[in-house]
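The values are calculated or read from the model by the stated rules, or taken from the named source; none is laboratory data. In this text the structure is predicted, and so the values were computed from the model without any measurement. FYI the Cβ positions are ideal-geometry reconstructions off the backbone, even for glycines, and counts take in every protein chain you see.
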Amino acid sequence: MKVTLSVIKADIGGWVGHSDSHPEVLAKAEEMMARAKKEGTLIDYHVTKCGDDAQLIMTHNHGEENELIHKLSWDTFLACTEVAKKLKLHGAGQDLLSDAFSGNVKGMGPGVAECEIEERGAESIIIFMADKTSSGAWNLPLYKIFADPFNTIGLVIAGNMHTGFAFEVHDVKEHKKVTFNCPEEIYDLLVFIGAPSRFCIKSVYHRDSGEIAAVSSTQKLSLMAGRYVGKDDPVCIVRAQGHFPAVGEVLEPFAHPFYVEGWMRGSHMGPLMPVSVPDATPSRFDGPPRVTSLGFQLAGGKLIGPKDMFDDISFENARAEANLMADIMRQHGPFEPHRLPLDEMEYTTMPQVVDKLKDRFEILED
Ligand code: 13P
Ligand code: 13P
Ligand code: MG
Ligand code: MG
């Protein structure tokens, strides 16, 4: 049976500041999703949050980039924004960059990860959601999951994965894409994905079967808006077990935090801390950046779950390590490498300040 999994998210208002989502906003999303399920538009859904981002996890039979599903998501975010405005939440409607829906939410602010799949006998799915970071944050974990045998032993000892995976990489600034076949092209792949502010892994495919293994949201809010409105706070869908990596291999890259861009004012590097959904409340210096993961088994498109995968004591060391990494970065205050490099700051809050001071600069004589 073919089924489409759509994860569409937006920041429609923070409670308090940018730290969390308000239950009334999520209740509105739940109400809209329940109606769509009752009317038959959706097979199933799950509403959740990661920090101040509302997450719509939906299954249906309409395929990817479907107008009905995108319109439903857009209308849900609009209805949630009304609630956010009534409560005077911070940045109500923050990620909704336009007032007119034009068939697809891509380019309008929300983040989108979708895949149409042939549901397997047992279809294990992990959905990652992040707050206070950017699209591209999935580059390192997706590389580890699908190309690094030190992370995924299945690449070595499971015959059905031994041929490897293909990575589709998007150049989000030049609007181009390229595919790398791994393992033989891992060095070429790393040249690009090691620069995650520009090159993002969009999707991963099982090379023998051609099946989609993972898909992420690569929408860049600042590029869409032409100014800083908030971070992209991306999502990612990963299929697990069978001829895909096991659930434990999918979660393993998060056992050690790595630095991502985002955090305060979207302008800093900070560790990505794996947390349970209730702990996805970035508060210290508006962070540190968080990642949650929900596991589901699909059964005829029904979402059997969620299982909160980082709600596990085995990730406690990672959280402690992230706090230590956060302390070390914070000591740099406004200095790089805590603050983002200059070319990235151009997409955040710095241009206004630079513009104000431009007449003060004098040409050096020698
Ligand atoms: P089970 O025997 O519990 O299914 O585990 C197999 C496996 O592959 C674990 O990664
Ligand atoms: P969000 O992108 O999560 O809204 O955070 C914006 C911000 O500026 C945090 O300091
Ligand atoms: Mg926000
Ligand atoms: Mg956010």
Restricted to segment 172-218, and to residues that are touching a Lys or Arg at 6+ places or on another chain (Cβ under 6 Å) and farther than 19 Å from residue 114 by Cα, which residue is surrounded by the most Cβ atoms within 10 Å (Cβ to Cβ)? 198
Between a first residue in segment 26-44 that is assigned to a helix (DSSP H, G or I) and a second residue that is crowded, with 19+ Cβ neighbours inside 10 Å and among the basic types (Lys, Arg), which pairs have beta carbons less than 7 Å apart while being 6 or more apart in sequence or on different chains? 26/49
Index of the failed condition, residue 250 passing every other in (1) touching a Pro at 6+ places or on another chain (Cβ under 9 Å); (2) within 16 Å of ligand 4 (Cβ to nearest atom); (3) not basic (Lys, Arg): (2)
Please work out which residue is farthest from the chain's Cα centre (by Cα), limiting yourself to segment 270-302 and to residues that are surrounded by 15 or more Cβ atoms within 10 Å (Cβ to Cβ) and in a helix (DSSP H, G or I). 279
Within segment 149-168, which residues are touching a Leu at 6+ places or on another chain (Cβ under 9 Å) and touching a residue at least 60 places away in the same chain (Cβ under 8 Å)? 161
Within segment 303-339, which residues are within 22 Å of residue 129 (Cα to Cα) and part of a strand (DSSP E or B)? 303, 304, 305, 306, 307, 308
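Taking segment 12-25 as the search range and keeping residues that are within 15 Å of residue 77 (Cβ to Cβ) and outside any loop (DSSP other than H, G, I, E, B), which one is nearest to ligand 3 (Cβ to nearest atom)?
Among them, the one singled out is 14.
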Consider residue 83 carefully, then state whether it is modelled with pLDDT of 95 or more, in a helix (DSSP H, G or I) and within 16 Å of ligand 1 (Cβ to nearest atom). no
Has segment 38-54 got at least one residue that is within 20 Å of the chain's Cα centre (by Cα) and either surrounded by fewer than 21 Cβ atoms within 10 Å (Cβ to Cβ) or within 16 Å of ligand 1 (Cβ to nearest atom) (or both)? yes
Which one is farthest from ligand 2 (Cβ to nearest atom) among residues in segment 126-151 that are surrounded by fewer than 24 Cβ atoms within 10 Å (Cβ to Cβ) and over 23 Å from residue 231 (Cβ atoms)? 149
Regarding residue 315, is this residue on the phi < 0 side of the Ramachandran plot, in contact with a Pro (Cβ under 7 Å, 6 or more places away or on another chain) and of a type in the set (Phe, Trp, Tyr)? yes
Test result for residue 101, within 19 Å of residue 32 (Cα to Cα) and within 16 Å of ligand 2 (Cβ to nearest atom): no
Is it the case, given these coordinates, that residue 254 is under 22 Å from residue 270 (Cβ atoms), buried (at least 21 other Cβ atoms within 10 Å of the Cβ) and of a type in the set (Phe, Trp, Tyr)? yes
Identity of the residue in segment 104-119, away from ligand 2 (no atom under 16 Å from the Cβ) and of a type outside the set (A, V, I, L, M, F, W, C), that ends up nearest to residue 301 (Cα to Cα): 119
Checklist (1) surrounded by fewer than 17 Cβ atoms within 10 Å (Cβ to Cβ); (2) small (Gly, Ala, Ser); (3) farther than 14 Å from residue 303 by Cβ; (4) out of contact with any strand residue (DSSP E or B) (no Cβ under 6 Å at 6 or more places or on another chain) applied to residue 17, failing item: (4)
Do the conditions hold for residue 92, that is, is it surrounded by 15 or more Cβ atoms within 10 Å (Cβ to Cβ), among the aliphatic types (A, V, I, L, M), in a loop (DSSP other than H, G, I, E, B) and within 14 Å of ligand 3 (Cβ to nearest atom)? yes
From the list 350, 329, pick out the single residue that is surrounded by fewer than 18 Cβ atoms within 10 Å (Cβ to Cβ), under 28 Å from residue 223 (Cβ atoms) and more than 22 Å from the chain's Cα centre (by Cα). 350
Among the acidic types (Asp, Glu) and under 27 Å from residue 59 (Cβ atoms), is that true of residue 118? yes
So for segment 56-70 (the condition being at pLDDT 95 or above, within 16 Å of ligand 2 (Cβ to nearest atom) and crowded, with 23+ Cβ neighbours inside 10 Å), does at least one residue qualify? no
Determine whether residue 59 is more than 16 Å from ligand 1 (Cβ to nearest atom), among the hydroxyl-bearing types (Ser, Thr, Tyr) and touching a Gly at 6+ places or on another chain (Cβ under 8 Å). yes
